[in-house]
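Trainee: I have a structure I would like to understand better, so I am pasting it below and will then ask my questions one at a time.
The values are calculated or read from the model by the stated rules, or taken from the named source; none is laboratory data. Here the structure is a predicted model, which is why all the values come from computation and not from measurement. Note: ideal-geometry Cβ built from the backbone for every residue, glycine included; neighbour counts use all protein chains shown. Surface areas here come from the heavy atoms of the whole protein model, side chains and all, with no ligands, DNA or RNA. Shrake-Rupley method; radii C 1.70, N 1.55, O 1.52, S 1.80 Å.
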Amino acid sequence: MNNKYVFKHISKKRWINMLFGVVTKPDNDWWIGRTKPDICHLSKLESLMFQGNGYFGIRGSVEEHYMEEKRDMFVMGTFDKYEDEATELPNLPDLVNLEIKINNEVMKLNHGEVSNFKRSLNIKNGEMTRSFIWKYNKNQYEFKFKRFVSMARLHLFISEVEVTPLTDNVRIQIKSGIDGQQTNCGTQHLVEGTKRLFNARFMQMQTRTQESKIKFALTEYHRIFLDETELNLNPHLKLSRRQIYANYSVDVNQGQTLTVVKYANIFSSKDKDLKCSVSEDSLLDLKKVGRIDYQALLAESTKVWEEDIWQNSNVEIQAHNNKPQIAVNFARYQLISNTPHDFGMNIGAKGMTGEGYKGHTFWDTEIFMLPYYILSLPHYAHNLLEYRYLGLIGAKRKAHQGCFHGAQYPWEAAMPADAESAPIWGNADIVTGRPMKILSGFLEQHVTSDVAYGVMSYLIATNDKIFAHRMGYEMILQCAKFWASRVEWNNEKNHYEITDVIGPDEYKEHVSNDAFTNYMAYWCMKRGAEIIADLRQNNLEVYDRLDQKINLKELFKALIQKSAMMYLPKPNTEEIIPQDDDYLSYKKIDISKYKDAEKDIEDVSEIFKDFDLKQLDKIQVTKQPDVLLMLLIFEDIFPKDTIIKNWNYYEPKTTHDSSLSYSPHAILANDLGLYDKAFEYFEKACQIDLGTNMESSVKGTHMAGFGGVWNTVVEAFGGVRITEKGLRVEPHLPSTWRSLKYSINWQGVKAEVYVTHTYFYVLTDGKIKFIYHQHEYQVEPKEKLVIEL
Ligand code: BGC
């Protein structure tokens, strides 16, 4: 494809650059950076430059302290609950801190003069670097920092600092340690614990959470070099409440370089790989690791990123610039560094990148992130779904508490066995001034179908029969059982319906027959009935086992009867599907002021500055897609014309007040042939965190937004869809792109798909079938199947 062709196809309007709040390089797809210290935007960069490995994660706070910083470190799945507050991931002692004093003056970027400043994150291996020249009292010093969280050793954090006085001989003092005075916005989850030094060099802090009694041990050790020579220095120790610091003092001549290498680890009593105790394991581990140098540890971590992640989830975009490529690389970096290494945990809405949403898991995982894992790294998808299987205990308890049967998944999930973890109180109401009650934990019930839908997508794409028989079918059937007990009979209308819920559009509370909720519940019941019929016919062993737990005969009857009589909102005379029973009767307002308003500022969405929820309840305004998401998921139910009419109706009424909103709009627009709109929404999805709004991401980045970036690239532009009939590939590239290449895994077979404007090919390492515009194609191993577009 030559450039002429591309230019011909670009409407002027679309020839724009994605605007990023970070610096990027045109020749490096794996690099983001900043060239200013940005003290007032530290929080945003801390979230963007997050480092993690799915076991633990650290925000990209810098080594020296600033008022504007928000240090956070979390270990996945270690939830704790403070009295009368929602359970949350405790903010653990800080390992990053390192104070440098030169001739008794603390190095800070808001003192003295700073030049040659560079800060960057290597998205390929998660290494963060920072360098600058600091001039103070006429003297100049060169600083270089680098650090990473190891992908190869799940407990390890390592950092290296180099200081070179350029103009004089100086005394440099280093203070570095374990600082347990961190809180979750004021809530201290950890007890004071104990602090001690082992072998004169290894500092350790042992502590535990207040309520869940999870134990932690953190060990830290330093190696100090003057130029190439390692100094045999024991630290001078300083202890105070919840803090243990090592202090070193070294005379450094002009031109010499002082290097401090910090090795640190964290172990918890939840670790499955514990050999002795948290304390002993942590100490022994660090003693071993402390002998290996930074570069060697980085190399082994980089190898894991390369071989386990990037080689299995390839996405290559040739476009007018490399911003889309950087965005999809960054999205995958953030997803993977926040994806649990273990099956008892799940991804929080903001991962471990900040305290927002308290580390809780939402439907975000199943509907927005799971496609990436299912199609790229299915073992991760397996783990994420196994968490929901363990969650059946809590989900059954939640159903029982509401006098229902089966399993009702919590709107916000923390420990798998917890019933509901959503907080109850939110921001102040603009009209009454009182805190608003958050009803999602009570009324946002579609998550139960979303989990079942995620399980089914995984089963279709992987054909993982073992998972289906051991866990998957049981989950879907328990969800179906919940809906069979939840739907209400309406005598007058002679149908089953669902009243008093919140749909994906959270502006509307206590609604009846929310379109998304009803269609998903119907799908869940129908799918449940099909699974029972199939098992009875083909696998009596599994049937009998599940029958003992669920009573399949009775459930089958209920599912058949209730799904047949279920009310599914139908298009009205104008072909519009009502979002709920009342939505279409509400007044319409001009929402242009609120559409795509800067998000996350002061925690209040723009529209809530003018209306409270009661008022929004009576206006045709939608937070994020509801009917449109339903139409995207159930694409075959309605003719394209109806879908377009609903797009034209609902899209202008949607504020996109959630990071989950852009990607489904992008994908649906692409499906409908609205290609400029699709690209516009793709750009917005890419800019949720990377964009120029320096207030977004302060409390963490948006995991579902990252899933949405990948979904848009591979599902919309790359055309891949997991359907009931199998794999579908119907690509359509944005006009500014020359080509797209991606890899997917379908039922154990690896496939590479390459797309241009005129043709695409599929190349696999095994036999695979896919559908392209109703035709089925079979690809033979290693044979390129080319289709003209
Ligand atoms: C959205 C939900 C989402 C949650 C967590 C809310 O603002 O409306 O759909 O699950 O954020 O991302």
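Trainee: Measure out, as a whole number of angstrom, how far apart the alpha-carbon centroids of the range 411-456 and the range 215-232 sit.
Mentor: Here the two parts' Cα centres lie 45 Å apart.
Trainee: In what order, largest first, do Thr432, Thr642, Thr462 sit by accessible area if the probe radius is 1.4 Å?
Mentor: Of Thr432, Thr642, Thr462, the descending order of accessible area is Thr432, Thr462, Thr642.
Trainee: Right, another one. With a 1.4 Å probe and all protein chains kept in place, how much accessible area does Arg738 have, in Å² rounded to the nearest 10?
Mentor: About 60 Å², ignoring ligands and nucleic acids.
Trainee: Right, next: I'd like the FRET efficiency for Gln188 and Arg545, computed as 1/(1 + (r/R0)^6) with the beta carbon distance as r and R0 of 41 Å, rounded to 0.05.
Mentor: Working: r = 46 Å, r/R0 = 1.13.
Efficiency for this residue pair is about 0.30.
Trainee: By its C-alpha gyration tensor, with a ≥ b ≥ c as the square roots of the eigenvalues, how is the range 306-453 shaped: rounded for a/c under 1.5, else prolate for a/b larger than b/c, else oblate? If you can, show how the numbers build up before the last one.
Mentor: Values: a/c = 2.57, a/b = 1.49, b/c = 1.72.
Oblate, since a/c reaches 1.5 and b/c is not below a/b.
Trainee: Quick one: pull the percent of accessible area on the chain belonging to carbon and sulfur, 1.4 Å probe, ligands and nucleic acids left out. Intermediate results must be reported in sequence, preceding the final value.
Mentor: Numbers: 15000 of 30580 Å².
C and S fraction of accessible area: 49 percent.
Trainee: Using a ≥ b ≥ c from the Cα gyration tensor of the chain (square roots of the eigenvalues), is it rounded, prolate or oblate, where a/c under 1.5 gives rounded and otherwise the larger of a/b and b/c decides, a/b for prolate?
Mentor: prolate
Trainee: Here's something else I'd like to know. What FRET efficiency do you get for Thr129 and Cys40 if R0 is 22 Å and r is their Cβ-Cβ distance, rounded to the nearest 0.05?
Mentor: The formula returns an efficiency of 0.55 here.
Trainee: Sticking with this one: What relative contact order, as a whole-number percentage, does the range 49-311 give when Cα pairs under 8 Å and 6 or more residues apart are counted? It would help to have the intermediate numbers written out before the result.
Mentor: Numbers: 599 pairs, mean separation 48.9, N = 263.
Once divided by the residue count of the range 49-311, the mean separation gives 19 percent.
Trainee: Ordering Val786, Val149 by accessible area with a probe of 1.4 Å, largest first, what comes out?
Mentor: Greatest to least solvent exposure: Val786, Val149.
Trainee: Another question, then. Spelling out what I want: for every residue of the range 312-319, take phi, set θ = phi - 60°, compute 6.51 cos²θ - 1.76 cosθ + 1.60 (Karplus), and round to whole Hz; glycine and proline get x.
Mentor: Ordered by residue, 3J(HN,Hα) equals 9, 9, 6, 9, 10, 10, 9, 9 Hz.
Trainee: While we're on this one: How far is helix 515-538 tilted off the main Cα axis of the chain, in degrees rounded to 10, range 0 to 90?
Mentor: Relative to the chain, helix 515-538 is tipped by roughly 80 degrees.
Trainee: Something else now. With r as the distance between the Cβ atoms of Lys570 and Met67 and R0 = 41 Å, compute the FRET efficiency 1/(1 + (r/R0)^6) and round to 0.05.
Mentor: Here the calculated transfer efficiency is 0.10.
Trainee: Right, something else. Of Lys101/Lys238; Lys508/Lys587; Lys508/Lys588; Lys195/Lys275; Lys570/Lys684; Lys36/Lys175, which sit over 23 Å apart, Cα to Cα?
Mentor: Those over the limit are Lys570/Lys684; Lys36/Lys175.
Trainee: Scan the range 494-591 for GluC sites (Glu not before Pro) in coil per DSSP, keeping those whose Cβ has at most 15 other Cβ atoms within 10 Å, and list them by number.
Mentor: Answer by residue number: Glu574.
Trainee: A further question on this structure: Less than 18 Å apart at the alpha-carbon level, and either on another chain or at least 8 residues along: which aspartates and glutamates does that give for Lys782?
Mentor: Here the aspartates and glutamates satisfying the reach criterion relative to Lys782 are Glu752, Asp765.
Trainee: Classify the range 694-760 as rounded, prolate or oblate from the Cα gyration tensor: take a ≥ b ≥ c as the square roots of its eigenvalues, call it rounded if a/c is under 1.5, otherwise prolate when a/b beats b/c and oblate if not.
Mentor: In terms of gyration-tensor shape, oblate.
Trainee: Shifting gears a bit: Relative to the longest principal axis of the C-alpha atoms of the chain, give the angle of the C-alpha long axis of helix 675-690, reported between 0 and 90° and rounded to the nearest 10°.
Mentor: It works out to around 40 degrees.
Trainee: If you don't mind, another one. At a threshold of 8 angstrom on Cα-Cα distance, excluding pairs fewer than six apart, so keeping six or more, what relative contact order does the chain reach in percent?
Mentor: Relative contact order, the chain: 12 percent.
Trainee: Setting aside same-chain residues fewer than 8 positions from Lys562, which aspartates and glutamates have a Cα under 14 Å from its Cα?
Mentor: In chain and number order, the partners are Glu488, Glu497, Glu530, Glu554.
Trainee: Spelling out what I want: for every residue of the range 721-735, take phi, set θ = phi - 60°, compute 6.51 cos²θ - 1.76 cosθ + 1.60 (Karplus), and round to whole Hz; glycine and proline get x.
Mentor: Each residue of the range 721-735 in turn: 9, 8, 10, 4, 8, x, 6, 10, 10, 9, x, 8, 7, x, 5 Hz.
Trainee: Over the range 364-514, what is the mean sequence separation of C-alpha contacts under 8 Å (at least six apart), divided by residue count, expressed as relative contact order in percent?
Mentor: Dividing the mean separation by the residue count of the range 364-514 yields 21 percent.
Trainee: On to the next question. With 32 Å as the limit, write out which pairs from Lys270/Lys725; Lys398/Lys614; Lys350/Lys784 have Cα-Cα distances beyond it, or answer none.
Mentor: Lys270/Lys725; Lys350/Lys784
Trainee: Separation between the Cys403 and Asp429 pseudo-spin-labels, each 7 Å from Cα along Cα→Cβ, expressed in nm?
Mentor: Result: 2.6 nm between the two label points.
Trainee: In what sequence, largest accessible area first, do Lys288, Lys725 appear using a 1.4 Å probe?
Mentor: Putting Lys288, Lys725 in descending order of accessible area: Lys725, Lys288.
Trainee: About the Cα centre of the range 680-789, how large is the charge dipole given +1 on each Lys and Arg Cβ and -1 on each Asp and Glu Cβ? Please answer in debye to the nearest 20.
Mentor: With Lys and Arg at +1 and Asp and Glu at -1, about 220 debye.
Trainee: Could I ask something else about it? Report, in degrees rounded to the nearest 10, the 0 to 90 angle that the Cα long axis of helix 473-486 makes with the longest principal axis of the chain.
Mentor: Result, in degrees: 60.
Trainee: Now, a different point. With a 1.4 Å probe and every protein chain left in place, work out the accessible area per residue of the chain in Å², rounded to a whole number.
Mentor: On a per-residue basis, the chain sits at 39 Å².
Trainee: What GluC sites (Glu not before Pro) in the range 632-683 are in a loop by DSSP, with at most 15 other Cβ atoms within 10 Å of the Cβ?
Mentor: Sites meeting the loop and neighbour criteria: Glu635.
Trainee: Then there's this: Per-residue ellipticity at 222 nm for the chain, helices alone: DSSP H runs ≥ 4 residues times -39500 (n - 2.57), over residue total, nearest 500 deg cm²/dmol?
Mentor: Only helices count here, giving -8500 deg cm²/dmol.
Trainee: For the chain, with only Lys/Arg (+1) and Asp/Glu (-1) charged at the beta-carbon, what is the dipole magnitude about the Cα centre, in debye rounded to 20?
Mentor: 1080
Trainee: Could you give the length gained by full extension between Asn321 and Asn494, i.e. 0.36 nm per residue of separation minus their alpha carbon distance, to one decimal place? Don't skip to the end; give the middle numbers.
Mentor: Working: separation 173, 0.36 × 173 = 62.28 nm, distance 5.74 nm.
Roughly 56.5 nm would be gained on extension.
Trainee: Could you tell me the accessible area of Tyr380 in Å² (1.4 Å probe, neighbours in place), rounded to the nearest ten?
Mentor: Taking all protein chains as shown, Tyr380 has close to 40 Å².
Trainee: Still on this structure: Kirkwood Rh, the range 49-311, all Cα pairs: how many Å?
Mentor: For the range 49-311, inverting the mean 1/r across all distinct Cα pairs yields 19.0 Å.
Trainee: Return the aspartates and glutamates within reach of Lys303: Cα separation strictly under 14 angstrom, same-chain partners fewer than 8 residues apart disregarded; answer none if there are no such residues.
Mentor: Within the straight-line limit of under 14 Å, Lys303 reaches these aspartates and glutamates: Glu127.
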